[in-house]
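These notes concern the structure reproduced below.
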Amino acid sequence: MNGNTLELRDLTKRFGGVTAIDNLSLTVEPGQVTALIGPNGAGKTTAINLVTGFLAANQGDILFDGARINDLPMHERAAAGIARTYQTPQIAPGLSVLENVMLGAHKDGRFRLLDGLMRPGLLMQEQIRLRQLAEAALELVQVEQKFYLRQGADMAYGIQRAIELARLIVQKAGFLLLDEPAAGLNHSETAHVAAFVRARADEGRAVLLVEHDMDMVMQVSDRIAVLNFGRLIAQGTPDEIRSNPSVIEAYLGVDDEDEDTTA
Ligand SMILES: Nc1ncnc2c1ncn2[C@@H]1O[C@H](COP(=O)(O)OP(=O)(O)OP(=O)(O)O)[C@@H](O)[C@H]1O
Ligand SMILES: [Mg+2]
């Protein structure tokens, strides 16, 4: 898997009077986990939305393997290998766990359907291939087989999060944007997610990890970038970030669960 380098240059996104991303420059390299951390509302999800093309930047450049992709529609960015997970798991109602994972391959479904109309046997073969791919992906994220045909929407939260990760595998994306993949998970589930994230980078993919779980971030990341009010206030190795005074002041010093200052 070559390439998959993302470069953000002086990127800015405003929502009315709010500057959600403020002149952000950041490089995300293949083979590495780059964490993007910062307080609630710092602009982390907005940064992901700019890279996927869900939102358009007001200023700046988004370069993927050196090519400017600002003007590419979402499906073309997906086809180029950029994939994401959502802060809240996106589970399609009425579909099984397996079908929910198969949805990950949706990006080229149009061509498959056309092929299938010409040659129905091909569609069947494709479906079988896709199903096998989805089963392998579910095995990779350690979802038990007994759940594959159950309704995705009825599954425990940890399994819904695992479905999100399995979709990335089915999409065969080289660039992964993960929006708080461990949020709401217990210790052992979080450890699985951490191992998954590290393994994807080790096989040569690029990973941008947005996550509030600092133990996990410090453990899996090669580099960490810190956002505060949309601005990059620091970047460096986990050790550098841990001891950076402005990061401690803006983020690490404050316990997320404990921000109530109304007393
Ligand atoms: N679609 C939108 N319309 C208007 N304002 C928005 C929109 N999306 C985000 N914002 C604002 O932009 C800022 C950044 O939000 P964003 O969701 O990117 O933060 P975040 O770092 O992901 O926070 P969290 O850790 O809570 O998920 C916030 O002030 C938010 O209210
Ligand atoms: Mg967010």
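Just to be sure, is ALA79 of a type in the set (A, V, I, L, M, F, W, C), away from ligand 2 (no atom under 13 Å from the Cβ) and in contact with a helix residue (DSSP H, G or I) (Cβ under 7 Å, 6 or more places away or on another chain)? Taking the combined requirement at face value, the residue satisfies it. Between PRO39, PRO30, the distinction of being in a loop (DSSP other than H, G, I, E, B), more than 16 Å from ligand 2 (Cβ to nearest atom) and crowded, with 16+ Cβ neighbours inside 10 Å belongs to PRO30 only. When region 17-27 is filtered for residues that are modelled with pLDDT of 95 or more and either surrounded by fewer than 16 Cβ atoms within 10 Å (Cβ to Cβ) or more than 9 Å from ligand 1 (Cβ to nearest atom) (or both), the ones remaining, listed by number, are VAL18, ASP22, ASN23, LEU24, SER25, LEU26, THR27.
Scanning region 46-64 turns up no residue that is out of contact with any strand residue (DSSP E or B) (no Cβ under 8 Å at 6 or more places or on another chain), modelled with pLDDT under 95 and within 15 Å of ligand 1 (Cβ to nearest atom).
The values are calculated or read from the model by the stated rules, or taken from the named source; none is laboratory data. Just so you know, these numbers come straight off a predicted model, no measurement behind them. Cβ atoms come from the backbone with ideal geometry, glycine included; neighbour counts cover every protein chain shown.
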